[in-house]
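Colleague: The structure follows.
The values are calculated or read from the model by the stated rules, or taken from the named source; none is laboratory data. Values in this document were obtained by computation on a predicted structure and should not be read as measured data. Note that we place each Cβ from the backbone using ideal geometry, even for glycine, and neighbour counts take in every protein chain shown. The area values use the complete protein model at the heavy-atom level, side chains included, leaving out ligands, DNA and RNA. Shrake-Rupley method; radii C 1.70, N 1.55, O 1.52, S 1.80 Å.
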Amino acid sequence: MKSYRKELWFNVPSRRGFVNITREVQDCIDASGIAEGLCLVNAMHITASVFINDDESGLHHDYEVWLEKLAPHEPVSGYRHNVGEDNADAHMKRQIMGREVVVAVTAGRLDFGTWERIFYGEFDGRRKKRVLVKIIGE
Ligand code: ZN
């Protein structure tokens with residue numbers, strides 16, 4: 001069995017944002033030389049997510065509105081976590097949108113449904129953060 005590990009770095013210039021990272025993950029599979037196996041992609045920070053869904057800007061706007069209803073950023077003082085920081089909402093948004101995805105690798109490709117794409121979800125940005133890609137197989 002082969003294994004491959006890589007950290008992808010992101011620096012989203014706003015507090016929140018969604019980044020399609022499908023190409024970067026496929027590049028990792030290409031570099032790994034693994035044709036059949038599994039690919040794990042996880043955020044290495046507790047205020048960011050990795051998830052799979054449609055690359056459609058209306059949906060991303062809807063996520064933003066929905067997440068703000070569930071865990072509004074303001075008022076910052078409404079959260080016990082926000083003593084000396086202001087990112088309690090980001091922890092909750094990350095919890096809802098998830099930490100990681102696992103995708104089958106078949107014939108050297110991400111074995112996706114038609115509209116599936118991998119996204120990095122940032123909820124407390126304006127700093128460098130990492131995503132781990134781990135691929136196992138042969
Ligand atoms: Zn925090």
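Colleague: Rounded to the nearest 20 debye, what is the charge dipole size of the chain about its Cα centre when +1 sits on each Lys and Arg Cβ and -1 on each Asp and Glu Cβ? It would help to have the intermediate numbers written out before the result.
Modeller: Working: 19 positive and 21 negative charges, 112 e Å.
I would put it at about 540 debye.
Colleague: A follow-up question, please. Arrange the residues 92, 97, 44, 1 by how much accessible surface each exposes, largest first, with a 1.4 angstrom probe.
Modeller: Details: 92 95, 97 25, 44 65, 1 170 Å².
Most to least solvent-accessible, the answer reads 1, 92, 44, 97.
Colleague: Note down the relative contact order for the stretch 24-138 as a percent, whole number, built from C-alpha pairs under 8 angstrom at least six residues apart. Walk me through the numbers before you get to the answer.
Modeller: Numbers: 189 pairs, mean separation 60.0, N = 115.
About 52 percent, as a whole number.
Colleague: Among 27, 124, what's the order by accessible area (1.4 angstrom probe), most exposed first?
Modeller: Details: 27 75, 124 15 Å².
Ranking 27, 124 by accessible area, largest first, yields 27, 124.
Colleague: Run the accessible area of the chain with a 1.4 Å probe and give the carbon-and-sulfur part as a rounded percent. Walk me through the numbers on the way to the answer.
Modeller: Numbers: 3910 of 7410 Å².
Summing carbon and sulfur atoms, their accessible area is 53 percent of the total for the chain.
Colleague: Excluding ligands, DNA and RNA, what is the solvent-accessible area per residue of the stretch 18-138 at a probe of 1.4 Å, expressed in Å²? Numbers along the way, then the final one.
Modeller: Values: 6190 Å² over 121 residues.
Here the per-residue accessible area is 51 Å².
Colleague: Right, something else. Measure nothing fancy, just the Cα-based angle from helix 22-32's long axis to the longest principal axis of the chain, in degrees from 0 to 90, nearest 10.
Modeller: Rounded to the nearest ten degrees, it is 40.
Colleague: Keeping all protein chains in the complex and leaving out DNA, RNA and ligands, what accessible area do you get for residue 117 with a 1.4 Å probe, in Å² to the nearest 10?
Modeller: So the heavy atoms of residue 117 present about 70 Å² to solvent.
Colleague: Within the stretch 40-138, which chymotrypsin sites (Phe, Trp or Tyr not before Pro) sit in a loop by DSSP and count at most 16 neighbouring Cβ atoms inside 10 Å? The partial results should precede the final answer.
Modeller: On the way: sites: 51, 63, 66, 79, 112, 115, 119, 120, 123; in loops: 79, 112, 115, 123.
Taking the stretch 40-138 and a limit of 16 other Cβ atoms within 10 Å, the loop chymotrypsin sites (Phe, Trp or Tyr not before Pro) found are 112, 115.
Colleague: Considering every Cα-Cα pair within the chain, what fraction, in whole percent, is farther apart than 19 Å? All intermediate terms of the calculation are to be shown ahead of the outcome.
Modeller: Details: 4908 of 9453 pairs.
Above the 19 Å cut-off, the chain has 52 percent of its Cα pairs.
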